[in-house]
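Undergrad: Here it is: the structure, laid out below.
The values are calculated or read from the model by the stated rules, or taken from the named source; none is laboratory data. It should be emphasised that the depicted structure is a prediction, and the values quoted were computed from it without experimental measurement. Note that each Cβ is placed from the backbone with ideal geometry, even for glycine, and that neighbours are counted across all protein chains shown. Remember, those area values only see protein heavy atoms, side chains included, never the ligands or the DNA or RNA. Shrake-Rupley method; radii C 1.70, N 1.55, O 1.52, S 1.80 Å.
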Amino acid sequence: MKKIAFAVKLAVCLVAVGLLPRAGRAAALELDFAPSATADSLILATDKMVAFILVETNNDRVVLRAAGDLAEDFARVTGQKPAVENDFSGGEKNCVILGTLGRGGIVDRLVAEKKLDVAGASGGWESYVLQVVKDPLPGVEQALVIAGSDRRGTIFGIYQLSEMLGVSPWYWWADVPVKKHNFIGVRGDRLVQGPPAVKYRGIFLNDEDWGLRPWAAKTFEPENGCIGPKTYAKIFELLLRLRANYLWPAMHPGTVEFNHFATNRETANEYGIVMGSSHCEQMLRNNISEWDEKVFGEYNFVTNPDGVLKYWEQRVRENGKFENLYTVGMRGIHDGAMPGGGTEREKAARLQTIIVGQREMIARLVNTNVAAVPQIFCPYKEVLPLYRLMTNLPDDITLVWPDDNYGYIRQFSNARERARGGGAGVYYHVSFYGTPRDYLWLCSTPPALIAEEMTKAFDYGADKVWMLNVGDLKPAELDIEFFLKLAWNPHSWNGTNTYDLVEKQLARDFGPANAPEITSILSEYYRLNFQRKPEHVCFPTNNLFSGDEARQRLAAWRKLVARVVAVETNLPLEAHDALFELVGYPVRAAAAMNEKYLAGSPAAADEIHRLTDIYNHQTAGGKWRGMMSDNPRGQLELERGSVTRSD
């Protein structure tokens, strides 16, 4: 009965976050882990068998690769790895069939025979259907068919099944344990999803100096000594499991540029990930690492337009055959103003000239119909007033509005901008390096703020691109998933259900019994940190917390830590690493930072170092050695009263 209850609760969770359809269609498809199936149920696994996976070679190679992941996920759950076959050889009663609509073969035949209903998926962007089909092949009684409208639609359908099996998108990146089952059955007949509300949904790896880069260089990918192909492959897989499709790669000074390894762009293509580059790195370039003045001259479009265009064209020639989203315009070498000087109007006119040159090379090297190639223009920082002076930004370019670096979007599209063909998007931060205050250590942006700002942006037409600056990726796991699920279905948030949505995510990873308390802990964590982020407690501007208020704040943090300890005792041992990474470390470290500066406790400073040492050397057997810094950019060791900084 417990297993049945868990299956029902999981289905309810997935409905709530927009990954399963709501009631209204009879016999919605779901999995059953109790071996009490009716005679006509589709059995995918028992303690003696697991259904094979059939994926024909007429599918894109990204689908063939994802089929292998599905087989591994079945093995994680059942201990048995199913065969992945490209041709049907017979001899099996049940199977899983994977395919993309319009590619011919079994899936299209089942549609033609009216055995597979693709209404709601066919013709949509990244849409998919999962359906039980009877007699799909000679001798096969039933199959679970996963059919996508396009290659990523099929992949998302595959990972939909993986999540229903109990494999969290964070099984690797946050060590969420996979619950074992000896039986997997399918009840109901159909699940359909898509298209996503936002077309391009992704993350930006940024300011990676203190976490992702040292971890990759020293622990995960020492053979390359950097964030390289092995690390990116894991990031690509995570994005797909989160139903995302877009990446701005790491680019901070000292990081080896993404295109240093030709295999990186090949791997992105193998996973079906759309590559882009940040607001200050036009045309897929990493200026810090790649601009060579000896080769190209001065990085200045006023004095050296030919050299700058040559630099961009080289990258378009190399990467133009892949699926990219091109950032157009120009800024400085690294997150600075565009070189060349001049008045605001002269700079705005220069940007328009630059964009004309960039689009000419896209038309020449990628697609003569340049409007069919996705492009973005991000009016970040000093570019926003220049954009307001521009008179001729091509209609098909997507405007990507930035937030203020602290979670509040600076501008929304007006009526004229909402009518543009290219539409709009948002560049949003849950990690930030810069003035007036960094926050590079713990992720503390409240999901309610994310939901309020992003749904507002969506309602004002920002439905083409959602990009999230996640810093080192860890420890931003919870905000990342919340953001990306909103991108799929912004109106799953109704203004009051923020923590209902968070709880569904936690129920999947820690079980329905533990999710309410963990959700409550996180709600308090975000509330306290919204008053003052842990990175900012050491800047007591205007003596923000003092006297009784400081004592009350410290008491609240101590109570929260005690609740985390209590939850840990109720979890099985295999879930302790995930709890520590997602909840325990952020809560305990933030509490210790408040103790350090509000109570003047030397022991609290030692506690922060102790917790960080556990994260880096004990969690998951040392898997994350080098990932966590408790003093990024040296900003957390400032003494109280030492508020002067240089940026």
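Undergrad: Calculate the dipole size of segment 348-487 relative to its Cα centre from +1 charges on Lys and Arg beta carbons and -1 charges on Asp and Glu beta carbons; express the result in debye to the nearest 20. Intermediate results must be reported in sequence, preceding the final value.
TA: Working: 14 positive and 16 negative charges, 103 e Å.
Once rounded to the nearest 20, the dipole reads 500 debye.
Undergrad: Another question, then. Simple spin-label model, 7 Å along Cα-to-Cβ: D40 to E85 in nm?
TA: According to this spin-label approximation, the distance is 2.6 nm.
Undergrad: How high is the FRET efficiency from H334 to A27, r the C-beta distance, R0 51 Å, rounded to 0.05?
TA: On the way: r = 56 Å, r/R0 = 1.09.
Rounded to the nearest 0.05, the efficiency is 0.35.
Undergrad: Please compute the modelled spin-label separation between Q314 and T263, points set 7 Å along Cα→Cβ, answer in nm with one decimal.
TA: Modelled inter-label distance: 2.3 nm.
Undergrad: Still on this structure, please answer the following. On a full-extension model of 0.36 nm per residue, what is the gain between K180 and D606, subtracting their alpha-carbon distance, rounded to one decimal in nm?
TA: 149.5 nm
Undergrad: Please label the shape of segment 196-304 as rounded, prolate or oblate, based on the square roots a ≥ b ≥ c of the eigenvalues of the alpha-carbon gyration tensor (a/c under 1.5 means rounded; beyond that, a/b larger than b/c means prolate, else oblate).
TA: oblate
Undergrad: Where the accessible area of segment 174-310 is counted over protein heavy atoms with a 1.4 Å probe, how much of it, in %, is carbon and sulfur?
TA: Details: 2100 of 4240 Å².
Taking all protein chains in place, segment 174-310 shows 49 percent carbon and sulfur surface.
Undergrad: Further question: Going by the alpha-carbon gyration tensor, a ≥ b ≥ c the square roots of its eigenvalues, is the chain rounded (a/c under 1.5) or, if a/c is not under 1.5, prolate (a/b greater than b/c) versus oblate?
TA: Oblate shape, in that a/c is at least 1.5 and b/c is the bigger or equal ratio.
Undergrad: Let me ask something additional. Which percentage, to the nearest 5, of the DSSP beta bridges contained in the chain is antiparallel?
TA: Numbers: 21 of 60 bridges.
Antiparallel bridges make up about 35 percent of those DSSP assigns within the chain.
Undergrad: In Å², and per residue, what accessible area does segment 344-494 have when probed at 1.4 Å with the other protein chains present?
TA: Working: 5040 Å² over 151 residues.
Averaged over the residues of segment 344-494, the accessible area is 33 Å².
Undergrad: Could I ask something else about it? Going Cα to Cα from K115, which lysines come in below 24 Å? Please leave out same-chain ones fewer than 8 positions away.
TA: Candidates past the 8-residue exclusion: K93, K134.
Undergrad: Here's a follow-up. Taking R0 as 56 Å, what FRET efficiency do you get between E549 and D395 from their Cβ-Cβ distance, rounded to the nearest 0.05?
TA: Taking R0 as 56 Å, the efficiency between E549 and D395 is 0.60.
Undergrad: Would you mind pulling out the separation of the Cα centroids of segment 357-372 and segment 201-218, in Å?
TA: For segment 357-372 versus segment 201-218, the Cα centre distance is 32 Å.
Undergrad: Turning to a different aspect of this structure: Setting aside same-chain residues fewer than 8 positions from K321, which aspartates and glutamates have a Cα under 12 Å from its Cα?
TA: E266
Undergrad: Might you report the magnitude of the Cβ-based charge dipole of the chain about its Cα centre, with Lys and Arg at +1 and Asp and Glu at -1, to the nearest 20 debye? Let's see the in-between values first.
TA: Working: 72 positive and 79 negative charges, 171 e Å.
Here the size comes out at about 820 debye.
Undergrad: Give the carbon-plus-sulfur fraction of the accessible surface of segment 122-162 in %, rounded to a whole number; probe 1.4 Å, heavy atoms of protein chains only. Before the final figure, lay out the partial values.
TA: Numbers: 480 of 930 Å².
Looking at segment 122-162 in its full context, I get 52 percent from C and S.
Undergrad: Also, quick follow-up: To the nearest 0.05, what FRET efficiency results for N497 and E346 with a Förster distance of 35 Å applied to their C-beta separation?
TA: Numbers: r = 49 Å, r/R0 = 1.41.
Step by step, r from the Cβ atoms, then E = 0.10.
Undergrad: Probe radius 1.4 Å, ligands and nucleic acids left out: which of T255, T303 has the largest accessible area, and how do the rest follow? Intermediate values should be presented prior to the final figure.
TA: Numbers: T255 5, T303 90 Å².
Order by accessible area, largest first: T303, T255.
Undergrad: While we're here: So for the pair R416, R61, with labels modelled 7 Å out along Cα→Cβ, what separation do we get in nm?
TA: With each label placed 7 Å out from Cα toward Cβ, I get 4.7 nm.
Undergrad: Sticking with this one: May I ask you to give the percent of accessible area on segment 589-631 that is carbon plus sulfur, with a probe radius of 1.4 Å? Mind showing how you got there, number by number?
TA: On the way: 800 of 1580 Å².
Carbon and sulfur: 51 percent of the exposed surface of segment 589-631.
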